[in-house]
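Participant: Got a structure here, written out as structure tokens. Questions coming.
Bear in mind that the values in this text are calculations on the coordinates, not laboratory data. Source: prediction; values computed, not measured. Please note: Cβ atoms are built from the backbone with ideal geometry, for glycine as well, and neighbour counts cover all protein chains shown.
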Amino acid sequence: MNVGVIGYGYWGPNLVRNLMATEGCKLRMVSDLRPERLSVVQRLYPTIETTLSAEAIFNNTDIEAVAIATPVLAHYPLIKKALENGKHVLAEKPMTTSRAQAMELIQMATKSERILMVDHTFLYTGAVRKIKQIIDSGELGDLQYYDSLRINLGLFHQDINVLWDLAAHDISILLHLIKKKPKSVQAIGVTHTSNDIENIAYLTMHYDNGFIAHCNCSWVSPVKVRTTYIGGSKKMIVYNDLDGSEKVKVYDSGYEINTDEDLRKVLIGYRTGDVYSPKIDSREALAEMTADFIMSCTTQTEPVSNWKLAYEVVNILEAAEISIKSNGSRITLRHDMEE
């Protein structure tokens, strides 16, 4: 599979490194608007052709797939151009800045039988895969909540707010872990810059079965925290992505609800049991992701991070942004993309 990469800024070098090591992939070209970035590519990978123009990649009939690692506002025109030229596409998250754009691109990819995949890398981490295995086994019981703290100092984006940057991870993880989709969202946020782009925001996703999900996101925290709490009726999980040795811990803790004889009082009984940390696959998530992309392209099979999930991420984020601009109004989601 001959591949080209567009963008060699923040995330592009990681994609290039992993695509170079992916079996069945031959990285042919890298484009970037900055000559100094292309000089880095030439120094590290002398066999890769470099170009200042993405058009050179689109027009190269030998290139079958394109990986796009550019600012989000450039995703829609670049993905559209790639699909128009018959390329499979791997794009950095999120897919687009609107559900209408995402829907158009998905329809194009479906019609042309091209793979359209978004790099939601967390789905390929050993931690998230282990959590999904635990949830699917029923060990947690009925899921009750997902509570995430994803904060750090910087990087301020100029085109998207903090939810599009950080909450996108949690939304993709949620959609991967559980089968249900949220019915509505509420979000509040604040900006401390002059560009009206929120750097602190809180997102709540409501479900129709009592499950609730909450994401606390910030670019202005003095410390970096990546901690998620998942509660079930039987057990609970703490997922600390920054813990090098025990990223996932399962707590045999919970509560039971009883009523007294006159049924006028609710009595809560608490249970605290053992804690264990399951073994986590240590393979690099990005390597697993690029391998999944190449395999999907060559076999025409659906990748783990498929367009259905990528569309819902954009759908939820768009509704969250509407909610923020409406002072935290509850926005009902439209799940109208045909699967």
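Participant: Over the stretch 184-339, what is the mean sequence separation of C-alpha contacts under 8 Å (at least six apart), divided by residue count, expressed as relative contact order in percent? Show your work: numbers first, answer last.
Facilitator: On the way: 216 pairs, mean separation 33.3, N = 156.
Across the stretch 184-339, relative contact order equals 21 percent.
Participant: Within 10 Å, count the other beta carbons around each residue, average over each peptide in 206-212, 5-11, 98-104, and list them highest first. Write out the running numbers ahead of the final one.
Facilitator: Numbers: 206-212: 14.1, 5-11: 20.6, 98-104: 18.3.
Put in order of decreasing packing, that is 5-11, 98-104, 206-212.
Participant: Where the centre of each part is set by its Cα atoms, how far does the stretch 135-197 sit from the stretch 203-257, in angstrom?
Facilitator: The stretch 135-197 and the stretch 203-257 have Cα centres spaced 11 Å from each other.
Participant: So, one more: Return the FRET efficiency for the residue pair Ser137, Ser39: r is the Cβ-Cβ distance, R0 is 41 Å, and the value is rounded to the nearest 0.05. Kindly include the intermediate steps, with their values, before the conclusion.
Facilitator: Working: r = 50 Å, r/R0 = 1.23.
E between Ser137 and Ser39, to the nearest 0.05, is 0.25.
Participant: Restricting to Cα atoms and excluding each atom paired with itself, what does the Kirkwood estimate give for the stretch 2-119 in Å?
Facilitator: Values: mean 1/r = 0.0710 Å⁻¹.
This gives a value of 14.1 Å.
Participant: Under the 0.36 nm per residue contour assumption, what length would be gained going from the current alpha-carbon distance of Thr47 and Lys80 to full extension? Let's see the in-between values first.
Facilitator: Numbers: separation 33, 0.36 × 33 = 11.88 nm, distance 2.79 nm.
Extra length from Thr47 to Lys80 when fully extended: 9.1 nm.
Participant: Estimate the FRET efficiency between His206 and Asp147 by the formula 1/(1 + (r/R0)^6), using the beta-carbon distance for r and 22 Å for R0, to the nearest 0.05. Don't jump to the answer; show the numbers that get you there.
Facilitator: On the way: r = 14 Å, r/R0 = 0.63.
It comes to 0.95.
Participant: Compute the helix-to-body angle for 12-21: its Cα long axis versus the longest principal axis of the chain, expressed 0 to 90° and rounded to tens.
Facilitator: 80
Participant: Looking at the stretch 2-119, how many pairs of lysines come closer than 20 Å at the Cα, when each pair is eight or more places apart or spans two chains? Write down the numbers at each step before the final one.
Facilitator: Values: Lys26/Lys87; Lys80/Lys93; Lys80/Lys111; Lys81/Lys93; Lys81/Lys111; Lys87/Lys111.
The number of close lysine pairs in the stretch 2-119 is 6.
Participant: So, one more: Enumerate the lysines that Lys179 could reach by cross-link, defined here as Cα to Cα under 16 Å, with residues fewer than 8 away along the same chain left out.
Facilitator: List returned: Lys132, Lys308.
Participant: If you don't mind, another one. Convert each backbone phi in the stretch 142-152 into a coupling constant with the Karplus relation 6.51 cos²θ - 1.76 cosθ + 1.60 (shift: θ = phi - 60°), then list the ³J(HN,Hα) values in order as whole Hz, x for Gly and Pro.
Facilitator: Whole-Hz 3J(HN,Hα) from phi for the stretch 142-152: 6, 5, 10, 7, 9, 10, 10, 10, 10, 9, 5.
Participant: How high is the relative contact order of the stretch 2-119, in percent, counting Cα pairs under 8 Å that sit 6 or more residues apart? Could the numbers behind the result be given before it?
Facilitator: On the way: 207 pairs, mean separation 27.5, N = 118.
Relative contact order comes out at 23 percent.
Participant: How would you classify the stretch 51-148 from its alpha-carbon gyration tensor, with a ≥ b ≥ c the square roots of the eigenvalues: rounded for a/c under 1.5, else prolate if a/b is greater than b/c, otherwise oblate? Kindly include the intermediate steps, with their values, before the conclusion.
Facilitator: On the way: a/c = 2.49, a/b = 2.35, b/c = 1.06.
Cα axes put the stretch 51-148 in the prolate bin.
Participant: Tell me, what is the FRET efficiency for Val220 and Arg330 to the nearest 0.05, using R0 = 45 angstrom and their Cβ-Cβ distance as r?
Facilitator: Values: r = 26 Å, r/R0 = 0.58.
The value I calculate is 0.95.
Participant: So for the chain: antiparallel DSSP bridges make up what percent, rounded to the nearest 5? List each step's numbers first, then the result.
Facilitator: Values: 43 of 70 bridges.
Roughly 60 percent of the beta bridges in the chain run antiparallel, per DSSP.
Participant: Moving on. Quick check on packing: order 218-229, 178-189 by the mean number of other C-beta atoms within 10 Å, highest mean leading. Intermediate values should be presented prior to the final figure.
Facilitator: Values: 218-229: 15.7, 178-189: 18.4.
Order by mean packing, descending: 178-189, 218-229.
Participant: Let me ask you something else. Can you match percent of Cα pairs over 39 Å apart to one of these, (1) 39; (2) 17; (3) 30, based on a calculation from the structure here?
Facilitator: Among (1) 39; (2) 17; (3) 30, the one calculated here is (2).
Participant: Sorted by packing (mean other beta-carbon atoms within 10 Å per residue), highest first, where do 163-175, 138-150, 78-90 land? Don't jump to the answer; show the numbers that get you there.
Facilitator: Numbers: 163-175: 24.9, 138-150: 17.4, 78-90: 21.6.
Listed from highest to lowest mean packing, they are 163-175, 78-90, 138-150.
Participant: Shifting gears a bit: In degrees from 0 to 90, rounded to the nearest 10, what is the angle of the helix 307-325 Cα long axis to the longest principal axis of the chain?
Facilitator: With both axes taken from Cα atoms, the answer is about 70 degrees.
Participant: Between 0 and 90 degrees, rounded to the nearest ten: what's the tilt of helix 285-299 against the longest Cα principal axis of the chain?
Facilitator: Helix 285-299 sits at roughly 60 degrees to that axis.
Participant: Helix-only estimate, please: 222 nm mean residue ellipticity of the chain, summing -39500 (n - 2.57) across DSSP H runs of length 4 or more and dividing by its residues, to the nearest 500. Let's see the in-between values first.
Facilitator: Numbers: 9 runs with 104 residues, N = 339.
Helix contribution divided over all residues of the chain: -9500 deg cm²/dmol.
Participant: Okay, next question. Please give the length that would be gained between Glu256 and Arg271 if that part of the chain were fully extended, namely 0.36 nm times their separation in residues minus their C-alpha to C-alpha distance (nm, one decimal).
Facilitator: Taking Glu256 through Arg271 to full extension adds about 4.6 nm, to one decimal.
Participant: Please get the size of the charge dipole for the chain, origin at its Cα centre, with Cβ charges of +1 on Lys and Arg and -1 on Asp and Glu, quoted in debye to the nearest 20.
Facilitator: Working: 36 positive and 42 negative charges, 46 e Å.
The dipole of the chain has a size of about 220 debye.
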